[in-house]
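The values are calculated or read from the model by the stated rules, or taken from the named source; none is laboratory data. Predicted model, so just to flag it, every value in this text is computed and none were measured. Note: ideal-geometry Cβ built from the backbone for every residue, glycine included; neighbour counts use all protein chains shown.
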C-alpha cells in the first residue's frame, strides 16, 4: 500500500510539472506571436473603409498561403489574391464557401444576406456560435474572417437580394472599380434566386449556384454541372421552370447539386402556425415550413463550391462529374448494344471498349444527354452509342449518344443528316476531348 501511495504521489508531481511546462509553452508561444504580429492600435475608419482587411506582415501572409502557392503556382495564387468574389447567402452553404475563399487568399469579398443567426442554424454555420444568435449573419462572418484571414477585405450587406437593388449589390469594388470575378449563389428562396441568376447572366458575371442541401446526407452523390444536368433535386426543377419564363439560358448556369433522393420532407406546420402562417415567416412570401437539414451537407456543398471557384480563378479548373454514373446493369446493356453495332455496321472484330469506357462516354462526355438534342436519357428510350465520323475510326472521342433511329440515319447519310449547327456543336464538343484522340 505504501508503494502505491508513493507511486501515486510521484504521478501527481509529474502531472504538476507537465501542467507547468504546458502553461509555460503557451505563454512563450503567445509572446512569440505577439512579437511577430504586433497589435498596433487601428486608426479610426470611415464608413466607406470598414471593409478593408487588416495589415499583416507579408512574410506571415506568404507562409499562411504557402501550401496554396505550391498547389496553384505563384501566378495562380496571384490571380486568386487579386480576385473579387461575391457570396449571396451566408447560411450553411455560403458561410463555408466564404470562409474557405478568404482562407485561400481572396482579398476582396462581398457577402450579402438579410438573415440573422438563430439557434437552429448553428448546426450548419461555418463560424457562428451561441453568442452570435440574433446578430446578422454577414456581420458574424465578417468579424470571424477578420480574425481568420486579416488580408481579406469583407464588404458586408445585411439586406435581402432583390431585383430592384441588384445593380447596387453587384456593383464593382468601390476602391478600384473592379467588377466581380465570380459570384456564389447560396440563396434558398426561388424568387430571389431567379432574380440573381438572371441579373448575373445579363451582366456577364460568372456564377455557380447551390441547389438543395436540405433533406440529403450522402456526400458521394454531389455533382457539378449545368442547371440542365441536375436531377432528383426539387429546387433545380423549380429553377429551370422559373428561369425559362424569363428567358435565361439554364445550360449556361453552373450548379452544385446532390443526386440523392431526398430522405425527408418539409415538416408540417403546427396548429399555431396553420392559424397564423404570416406570423412565422422570416419575410413575406417566403416558406414557413421547415426543411430538415443535416449540418454536414451544406458544409460539404459550400466547400465544393469554394474549390470550383478557386481552381477556376487560378487557371486550373477541374472537370467535375456532372451527372451520376450509370448502374452496372445499364452499363452492361449499353456495352452489349455498342459491341453489336461496331461488329454489324463497322465490321469491327476487335472490340476494345469496356464498362468504364461506356460510363465515360455516357456520363462524362455527354452527361447522360443525347448528343443532337441534349435530351436527357431518362426521358428518351433506345439510346445507343455510335461513331460520329466513320473515317475517324474507333477512338474514344469519336462516339456520340443518339436514339436508335438517329443512329440508323447517321450510318446511312453520315453527319449531313444533322443541321450545320448541330454538326459544329458536336465536332467542337468532341474536339474538347482531344486527349483521347489516340485511345
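Just a few scattered comments:
- Selection status of residue 362, closer than 20 Å to residue 226 by Cβ, assigned to a helix (DSSP H, G or I), free of Cβ contacts under 8 Å to residues at least 60 places away in the same chain and touching a strand residue (DSSP E or B) at 6+ places or on another chain (Cβ under 7 Å): yes
- Breaking point among (1) touching a strand residue (DSSP E or B) at 6+ places or on another chain (Cβ under 9 Å); (2) touching a residue at least 40 places away in the same chain (Cβ under 8 Å); (3) under 21 Å from residue 56 (Cα atoms), for residue 150: (1)
- The residue that is surrounded by the fewest Cβ atoms within 10 Å (Cβ to Cβ), among those in the range 234-269 that are within 15 Å of the chain's Cα centre (by Cα) and assigned to a loop (DSSP other than H, G, I, E, B), is 259.
- Residue that is surrounded by the most Cβ atoms within 10 Å (Cβ to Cβ) [pool: residues in the range 332-352 that are touching a helix residue (DSSP H, G or I) at 6+ places or on another chain (Cβ under 8 Å) and free of Cβ contacts under 8 Å to residues at least 40 places away in the same chain]: 335
- One residue stands out among those in the range 369-391 that are under 37 Å from the mean Cα position of the chain (by Cα) and in a helix (DSSP H, G or I): the one that is nearest to residue 357 (Cα to Cα), which is 377.
- Taken over the range 132-143, the residue count meeting the criterion of being touching a helix residue (DSSP H, G or I) at 6+ places or on another chain (Cβ under 8 Å) and either surrounded by 21 or more Cβ atoms within 10 Å (Cβ to Cβ) or not assigned by TED's automatic domain parsing to the domain that holds residue 117 (or both) is 4.
Every residue, every condition in (1) modelled with pLDDT under 90; (2) in contact with a helix residue (DSSP H, G or I) (Cβ under 8 Å, 6 or more places away or on another chain); (3) over 17 Å from residue 432 (Cα atoms), yes or no:
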{"position": "358", "(1), (2), (3)": "no, yes, yes"}
{"position": "363", "(1), (2), (3)": "no, no, no"}
{"position": "371", "(1), (2), (3)": "no, yes, no"}
{"position": "376", "(1), (2), (3)": "yes, no, yes"}
{"position": "379", "(1), (2), (3)": "yes, no, yes"}
{"position": "382", "(1), (2), (3)": "yes, yes, yes"}
{"position": "385", "(1), (2), (3)": "no, yes, yes"}
{"position": "390", "(1), (2), (3)": "no, yes, yes"}
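- If only residues of the range 86-109 that are touching a residue at least 60 places away in the same chain (Cβ under 8 Å) and in a strand (DSSP E or B) are counted, the one that is surrounded by the most Cβ atoms within 10 Å (Cβ to Cβ) is 87.
- Filter pass, residue 184 being farther than 24 Å from residue 255 by Cα, assigned to a strand (DSSP E or B) and under 21 Å from the mean Cα position of the chain (by Cα): no
- Every test in (1) farther than 18 Å from residue 315 by Cα; (2) touching a strand residue (DSSP E or B) at 6+ places or on another chain (Cβ under 6 Å) is passed by residue 56 save one, and that test is (2).
- Residue match in the range 412-422 (condition: farther than 17 Å from residue 322 by Cβ and touching a strand residue (DSSP E or B) at 6+ places or on another chain (Cβ under 9 Å)): no
The rows are residues; the columns are (1) farther than 21 Å from residue 309 by Cα; (2) in the same structural domain as residue 298 (by TED's automatic domain parsing); (3) under 21 Å from the mean Cα position of the chain (by Cα).
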{"site": "83", "(1), (2), (3)": "no, yes, yes"}
{"site": "86", "(1), (2), (3)": "no, yes, yes"}
{"site": "123", "(1), (2), (3)": "yes, yes, yes"}
{"site": "127", "(1), (2), (3)": "no, yes, yes"}
{"site": "151", "(1), (2), (3)": "no, yes, no"}
{"site": "165", "(1), (2), (3)": "yes, yes, no"}
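- Test result for residue 229, touching a residue at least 40 places away in the same chain (Cβ under 8 Å), surrounded by fewer than 21 Cβ atoms within 10 Å (Cβ to Cβ) and within 21 Å of the chain's Cα centre (by Cα): no
- Conditions (1) in contact with a helix residue (DSSP H, G or I) (Cβ under 7 Å, 6 or more places away or on another chain); (2) closer than 18 Å to residue 305 by Cα; number of the one not met by residue 65: (2)
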